[in-house]
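Visitor: For reference, the structure I am asking about is given below.
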Amino acid sequence: MAVKPVRWKNETFRIAYDVVHPDASKDLIVLHGWGSDKELMKRAFAGAFPDFRHIYIDLPGFGKSSNDTVLKTEDYAAIVEIFLESIGAKKDVAVGHSFGGKVATLLNPERLVLLSSAGIVLPKPLKIRARIALFKLLKPFGGKRLRRLFASRDAADMPQHMYETFKNVVDEDFTERFAAYTRPALLCWGAEDTATPPATGETIAKVMPRAEFCLFEGDHYFFLENPQPVISKMEEFLETI
């Protein structure tokens, strides 16, 4: 593992990263989802794509990368851009899972692979809407203790600045951002995914001009459960780059 300091908006972020196949001439940037880290992505893909230099990044506030401030998705993309420039990396291919899919899209790489990407907002069930309304009503009286009771597992134990970041990014509608990506894209989804259901991937495929949508067995982490079919499809997608 290596660490690279990056300056953005008067803040310094120490970005932890790993490089696999360092002598390859093409670059493959791999971004994890919310609450995850680069190690999870390496488990799936480190043994594949030998013609690419893999760059696995811990996004700020996750894994071994630091963050002490409130961010938006655009900030994450800007920080990653600066980081990639600092290590001389090219944006040949970006692979993003869940939240990382939104960041990968903003990088505007030559080829884009989305793995159950976030970014399409679905209506919240009545039960969830009721919990949110009750939380807002009681928030002045409960503070952080109340947040632990009402927040999702993704948010309950976060530091305050990461909780505010989570609120910034969780309900972003990225439809226009996806539509603006005009290069080739491969959209891979788990058929049993309930976090970002397959219908959200189909929506992205409809608005993204050059996207191919593929469905695989498994849930939100389908690429870990049975990686080889996903890797084979990605190899096919990347063979002409």
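The values are calculated or read from the model by the stated rules, or taken from the named source; none is laboratory data. Everything quoted here is computed from the prediction, not taken from an experiment. Cβ coordinates were reconstructed from backbone atoms using ideal geometry, including for glycine residues, and neighbour counts include every protein chain displayed. Protein only, heavy atoms only, side chains kept; ligands, DNA and RNA dropped before computing areas. Shrake-Rupley method; radii C 1.70, N 1.55, O 1.52, S 1.80 Å.
Visitor: Would you pick out the residues in the stretch 1-42 that are under 18 Å from Glu81 (Cβ atoms), of a type outside the set (Asp, Glu) and surrounded by 19 or more Cβ atoms within 10 Å (Cβ to Cβ)?
Guide: Val6, Phe13, Ile15, Ala16, Tyr17, Leu28, Ile29, Val30, Leu31, His32, Lys38
Visitor: Kindly indicate the residue of the stretch 173-184 that is out of contact with any Pro (no Cβ under 7 Å at 6 or more places or on another chain) and either open to solvent by 30 Å² or more (accessible area, probe 1.4 Å) or modelled with pLDDT under 95 (or both) and also nearest to Ala94 (Cα to Cα) among those meeting that condition.
Guide: Applying the filter and picking the extreme gives Arg183.
Visitor: Return only the number of the condition from (1) open to solvent by 40 Å² or more (accessible area, probe 1.4 Å); (2) touching a helix residue (DSSP H, G or I) at 6+ places or on another chain (Cβ under 9 Å); (3) aliphatic (A, V, I, L, M); (4) at pLDDT 95 or above that Ala118 does not satisfy.
Guide: Exception for Ala118: condition (1).
Visitor: Further, regarding this structure: Considering every residue within the stretch 99-106, establish whether at least one is under 14 Å from Tyr56 (Cβ atoms), in contact with an Asp or Glu (Cβ under 8 Å, 6 or more places away or on another chain) and touching a residue at least 24 places away in the same chain (Cβ under 8 Å). Walk me through how you get there before you give the answer.
Guide: Pass one, the stretch 99-106, residues under 14 Å from Tyr56 (Cβ atoms): 100, 103-104.
Next, only the ones that are in contact with an Asp or Glu (Cβ under 8 Å, 6 or more places away or on another chain) stay: none.
Within the stretch 99-106 (the criterion being under 14 Å from Tyr56 (Cβ atoms), in contact with an Asp or Glu (Cβ under 8 Å, 6 or more places away or on another chain) and touching a residue at least 24 places away in the same chain (Cβ under 8 Å)), the answer is no, since none of the residues qualifies.
Visitor: Which members of the stretch 91-113 meet the condition of being closer than 16 Å to Phe222 by Cβ and open to solvent by 10 Å² or more (accessible area, probe 1.4 Å)?
Guide: Within the stretch 91-113, just Ser98 meets the criteria.
Visitor: Would you mention how many residues in the stretch 185-241 are assigned to a helix (DSSP H, G or I), within 12 Å of Leu115 (Cα to Cα) and either open to solvent by 50 Å² or more (accessible area, probe 1.4 Å) or hydroxyl-bearing (Ser, Thr, Tyr) (or both)?
Guide: 1
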